[in-house]
Amino acid sequence: MPAQIAIEEEEQQQPLLHSTTTDGIEEEVVTSSLSNEPDALKRKLIGSNQRLLSLDVFRGLTVALMILVDDAGGAFPSINHTPRFGVTIADFVMPFFLFGVGVSISLVFKKASSKSLATKKVVLRTVKLFLLGLFLQGGYFHGRNNLAYGVDVAKIRWLGVLQRISIGYLLASITEIWLVRNVMVDSPTAFVQKYYIQWIIATLLLSLYMCVLYGLYVPNWEFQSPSLTLSTNGPHTQIVHCGVRGSLEPPCNAVGYIDRYFLGEPHLYRRPVYRRTKECSVNSPDYGNLPPHSPEWCLAPFDPEGILSSLMAVLTCIVGLHFGHILLHHKGQMHRVVLWSMSSFALLFSGFVLQLLGIPFSKPLYTLSYMCITAGASGLFLTIIFYIVDVKHFRKPVVLLQWMGMNALIIYALAACDIFPAAVQGFYWRSPENNLVDGLESLLQSALRSSKWGTLVFVLLEILFWCLVGGFLHMKGIYIKL
């Protein structure tokens, strides 16, 4: 997967206050977007010449979690994505990315001298991020244990993790550039007046999502399946019987219908998480062979980063904007901690209430309850990290995550997208199985006499390796961004 790839690293490559770098380049002041407030220069976020280190650590934690759940999720299905409803560790990664993107946007566009120029930069970065996601996750690279590459353009996957982040980045940035009012924030009322249009946009997106999810009629549909049962071979046309409204089940929800209609069935993800349900896997909650009399939709494609669910995911970015605005307008460190905590617990409480009212947690559908609980968890984790790192200045215990977070994009591309492991596997001894990656993992499994725990130790070492790579890049002053 995933969450907050550092699309906008700019605010993390410069101090948060007005200062001059060693190169004599004057840095911007962190003030309100398009603000003419006379006290703007007096707002002290963290301290002169200091970065918002907690956001770096938060990014690093998110990338580390993604590597963990992607590479150890097979050995420990309990931390992998939930097959249908509910949440696991893996289901928090994508919202963490999106939430961090929102916080970054609020800092980057704190003061835009030219709205049109800022918009041009946003569009350009959105296109670059989308194309990067298409290149990394569209099917061209086949991942670990597969040295082949290439993709049939007729079956390329249009959407994915980076594509979803690009959509959230685009919409959230546009609201921050164009829809923030030029109001001096000197009271809670003024804070609301400055940003209320963004929340109107969020409400409209939510309303559109809920109306389509529960009101759109989903007819019967068909797809090309390579095999429906263990006893059949070759492609078959399978018919999925729906004819319903408001279903949240895998075969007949409006999220999948929208993607099939606009993107086309060949361009959707071919290995969705619901193949790990009891109906579709003898090894549930892990992937496995089809059980006897499995339903026809078990082999159907479904994109967990689809169109409708990505619109809902934009709300997580907007929540991140809200947390960034609190950081900008409230100078007391503990005041920020209190406001962030209140917002986080309010979201968590709302998520659980919505779940009790019948809206289940669902990452593939990105339901409202799921958005609330994951955005609340994102805010709570950032609050804790902020308190430890930027308030109490306990930084040494998290310096590895900080290094990883400062180059989150390149580490995500190389590690989480399996580019680097697959490249290393390309050098082998006589047989493709005899490579450094598989050899080290097998060695650890043998030493620990457990395939599961050997895999976990291997993944933890992998995370440590990428933390050190991030540290090396940081010491060399290299920060890779789009």
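Structure values in brief
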{"item": "Å² per residue, accessible surface of segment 90-227 at 1.4 Å", "result": "45 Å²"}
{"item": "Inverse of mean 1/r across different Cα pairs in segment 50-133, Kirkwood, Å", "result": "15.2 Å"}
{"item": "Cut-off 12 Å between beta-carbons: net charge of the residues surrounding residue 180, Lys and Arg +1, Asp and Glu -1", "result": "+4"}
{"item": "Nearest-0.05 FRET efficiency for residue 115 and residue 155, computed from C-beta distance (R0 45 Å)", "result": "0.70"}
{"item": "Chain lengthening between residue 434 and residue 123 when straightened (0.36 nm per residue, less Cα-Cα)", "result": "107.5 nm"}
{"item": "Isotropically averaged projected area of segment 112-205, using the convex hull of Cα atoms (one quarter of hull area), nm²", "result": "8.9 nm²"}
{"item": "Amide H within-cut-off set for residue 303, under 5 Å, with H built and near neighbours excluded", "result": "269"}
{"item": "Long-range tail of P(r) for segment 156-290 (Cα pairs > 21 Å, %)", "result": "61 percent"}
{"item": "Sequence-distant lysines (8 or more away, or on other chains) whose Cα lies within less than 17 Å of residue 111", "result": "42, 44, 120, 121, 194"}
{"item": "Carbon/sulfur fraction of accessible area - the chain, other protein chains in place, 1.4 Å, %", "result": "65 percent"}
{"item": "At 1.567 mPa s and 4 °C, Stokes diffusion of segment 77-119 via Kirkwood alpha-carbon radius, µm² per second", "result": "101 µm²/s"}
{"item": "Pairwise centroid distance, computed over Cα atoms, of segment 115-163 with segment 59-107, Å", "result": "19 Å"}
{"item": "Using distinct alpha-carbon pairs, which all enter the 1/r mean, Kirkwood radius of segment 396-482 in Å", "result": "14.2 Å"}
{"item": "Other-chain or far-sequence residues with amide H under 5 Å of residue 141's (modelled H)", "result": "150"}
{"item": "Dipole magnitude of the chain, debye to nearest 20 (Cβ charges: Lys/Arg +1, Asp/Glu -1, about Cα centre)", "result": "560 debye"}
{"item": "Accessible area per residue in Å² at 1.4 Å probe, computed on segment 348-482", "result": "49 Å²"}
{"item": "Estimated D of segment 292-354 in µm² per second, where Rh is the Kirkwood radius over Cα pairs and Stokes-Einstein applies at 4 °C, 1.567 mPa s", "result": "87 µm²/s"}
{"item": "Semi-axes of the equivalent ellipsoid for the chain, Cα gyration tensor, largest first, Å", "result": "38, 28, 20"}
{"item": "Trypsin sites (Lys or Arg not before Pro) restricted to segment 398-468 and DSSP loop, no more than 12 other C-beta within 10 Å", "result": "430, 449"}
{"item": "J(HN,Hα) series, segment 470-475, from Karplus relation 6.51 cos²θ - 1.76 cosθ + 1.60, nearest Hz, glycine and proline x", "result": "x, x, 4, 4, 5, 5"}
{"item": "MRE, 222 nm, helices only [DSSP H, n ≥ 4, -39500 (n - 2.57), over the chain, to nearest 500]", "result": "-16500 deg cm²/dmol"}
{"item": "Exceeding the 29 Å Cα-Cα cut-off - candidates 110/392; 128/392; 278/363", "result": "128/392"}
{"item": "Residues residue 394 and residue 448, FRET efficiency given R0 of 30 Å [Cβ-Cβ distance, rounded to 0.05]", "result": "0.40"}
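The values are calculated or read from the model by the stated rules, or taken from the named source; none is laboratory data. Everything numeric here is computed off the predicted structure, so don't read it as measured data. Quick reminder, even Gly has a Cβ in these numbers, built from the backbone with ideal geometry, and neighbours come from all protein chains shown. Areas reflect the complete protein model, heavy atoms only, side chains present, ligands, DNA and RNA absent. Shrake-Rupley method; radii C 1.70, N 1.55, O 1.52, S 1.80 Å.
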